[in-house]
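The values are calculated or read from the model by the stated rules, or taken from the named source; none is laboratory data. Since the structure is predicted, the reported quantities are computational estimates derived from the model, not experimental observations. Cβ: placed from backbone, ideal geometry, glycine included. Neighbour counts: every protein chain shown. What goes into the accessible areas is simple: the full protein's heavy atoms, side chains included, and nothing from ligands, DNA or RNA. Shrake-Rupley method; radii C 1.70, N 1.55, O 1.52, S 1.80 Å.
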Amino acid sequence: MRSEWALPELVAWSGDDRAPDIAIRIGEVPAELDGITGRTPLVQVNAQGWLRYTVRGVATYLVRDGNAVIIDTPHPPDTADVALFLLGSVLGFLCHQRGLLPLHASCVVLDGKVFAMAGHSGAGKSTLAALLLAQGAWLLSDDVTVIDIRAEGGPRVLPTYPRQKMWRDTLDTLGIAPGRYLRSTVHLEKFDRQVADRFESAPMRLDGVCQINLQMRENSLRIVPLDGLAAVRMLYENVYRRTAAGLLGRSDQVFADCAALSAQLPHRALVLPNGIKRLAQHGGELATLLAQLR
């Protein structure tokens, strides 16, 4: 990737001098795309498959052909929110344009095995990953797990960047020092956590997926098997920016990819105890539970 917008979150490229897979530049984005075929309040998609995405008060992004992004923003280059949405939603849009499957999940390597933990915003993905990192795991991705479903040898996770985005109360409970301030929502503050010393930068084969089940909160940790349609539904519901995939005409392919992935890997629902403090108390059981996915 080559970017005119500073992205300290990413690992510097140390390979050859090939042309970048993705180019990010700063420029003007039109208020309306030509030939719009679908839209939501924040997204426009046209017949060429280009996608325009607006975050009010932050930036407008034009995402084209899975390899180009234009950022239109009045903010200076050190504005955290611009990169926050670039490495979140815009990353998801690029994945859909490139035919990759982005899951709303954190992903870790534990004892040589790769596990994705999927769930909606606030489910506890980053918290679980942080607890596992403290037990010796390595981070592959935080919040968005990118899967190459057609990779040789089986579905493969493409690493993202060595950072986590965590709420202040979670950091305080886990005894982790906050990094760069990112943003606030109501009474919560979100911070950047740098984990370069526990980051796996090579693509790795995915070994299992857990869905964090918010409807089954209990006083302990446990895993519930998911099979057949339940596994497919779990994956499909956790596809990152799935609405945009539909606007891009990829709904059928995304569903097919979820069905193929569910047939190749074990899938489980992960039932968590209520509250961050109680979850932290049971954190030592996580690695043992994930081992059941093998």
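Only one residue in Leu293, Leu235, Leu289, Leu214 is part of a helix (DSSP H, G or I) and modelled with pLDDT under 85, so which one is that?
Values: Leu293 fails: part of a helix (DSSP H, G or I); Leu235 fails: modelled with pLDDT under 85; Leu214 fails: part of a helix (DSSP H, G or I).
After ruling out the rest, the residue left standing is Leu289.
Which of the residues that make up the stretch 250-286 are outside any loop (DSSP other than H, G, I, E, B), at pLDDT 80 or above and open to solvent by 30 Å² or more (accessible area, probe 1.4 Å)?
Matches in the stretch 250-286: Ser251, Asp252, Gln253, Phe255, Ala256, Ala259, Ala260, Ala263, Gln264, Arg268.
Under the condition of being open to solvent by 30 Å² or more (accessible area, probe 1.4 Å) and part of a loop (DSSP other than H, G, I, E, B), which residue from the stretch 239-249 is nearest to His120 (Cα to Cα)?
Among those that are open to solvent by 30 Å² or more (accessible area, probe 1.4 Å) and part of a loop (DSSP other than H, G, I, E, B), it is Arg241.
Pick from Leu91, Leu84, Leu100, Leu51: which is touching a strand residue (DSSP E or B) at 6+ places or on another chain (Cβ under 7 Å) and open to solvent by less than 10 Å² (accessible area, probe 1.4 Å)?
Checking each option against the conditions leaves just Leu51.
Look at Val45 and say whether it is farther than 14 Å from Leu91 by Cα, of a type outside the set (S, T, N, Q), touching a Gly at 6+ places or on another chain (Cβ under 8 Å) and touching a residue at least 12 places away in the same chain (Cβ under 8 Å). Even if it seems obvious, please write down each step before you answer.
Working: farther than 14 Å from Leu91 by Cα: yes; of a type outside the set (S, T, N, Q): yes; touching a Gly at 6+ places or on another chain (Cβ under 8 Å): yes; touching a residue at least 12 places away in the same chain (Cβ under 8 Å): yes.
So Val45 fits the description; yes.
Are any of the residues in the stretch 107-126 touching a Lys or Arg at 6+ places or on another chain (Cβ under 9 Å), at pLDDT below 95 and assigned to a helix (DSSP H, G or I)?
Yes.
Tell me, which residue of the stretch 203-214 that is hydrophobic (A, V, I, L, M, F, W, C) and open to solvent by less than 40 Å² (accessible area, probe 1.4 Å) is nearest to Val271 (Cα to Cα)?
It comes out as Ile212.
Just to verify a result, which residue in the stretch 127-150, among those that are in a loop (DSSP other than H, G, I, E, B) and open to solvent by 20 Å² or more (accessible area, probe 1.4 Å), is modelled with the highest pLDDT?
So the residue we want is Arg150.
Condition (residue is part of a strand (DSSP E or B) and farther than 25 Å from Ala245 by Cβ) applied to the stretch 2-12: is it met by at least one residue?
yes
Can you find even one residue in the stretch 70-78 that is without any contact (Cβ under 8 Å) to a residue 60 or more places away in the chain, among the charged types (D, E, K, R), farther than 20 Å from Gly246 by Cβ and out of contact with any Cys (no Cβ under 9 Å at 6 or more places or on another chain)? Spell out the reasoning first.
Filtering the stretch 70-78 down to residues without any contact (Cβ under 8 Å) to a residue 60 or more places away in the chain leaves 70, 72-76.
Those still in the list that are among the charged types (D, E, K, R) too: 72.
Checking the rest, the ones that are also farther than 20 Å from Gly246 by Cβ come to 72.
Next, only the ones that are out of contact with any Cys (no Cβ under 9 Å at 6 or more places or on another chain) stay: 72.
Yes, the stretch 70-78 contains at least one residue that is without any contact (Cβ under 8 Å) to a residue 60 or more places away in the chain, among the charged types (D, E, K, R), farther than 20 Å from Gly246 by Cβ and out of contact with any Cys (no Cβ under 9 Å at 6 or more places or on another chain).
Restricting to the stretch 12-41, name every residue that is open to solvent by less than 90 Å² (accessible area, probe 1.4 Å) and either within 22 Å of the chain's Cα centre (by Cα) or at pLDDT below 95 (or both).
Passing the criteria: Ala12, Gly15, Asp16, Ala19, Pro20, Ile22, Ala23, Ile24, Thr40.
Here is a list of conditions, (1) free of Cβ contacts under 8 Å to residues at least 24 places away in the same chain; (2) buried (at least 21 other Cβ atoms within 10 Å of the Cβ), and Ala105 meets all of them except one; can you say which number that is?
Single failed check for Ala105: (1).
Would you call Tyr181 open to solvent by 60 Å² or more (accessible area, probe 1.4 Å) and over 23 Å from Gly284 (Cβ atoms)?
Yes; evaluated as a whole, the condition is true for this residue.
Give the residue that is modelled with the lowest pLDDT, with candidates limited to residues of the stretch 151-199 that are farther than 15 Å from Leu87 by Cβ and among the small types (Gly, Ala, Ser).
Ser184
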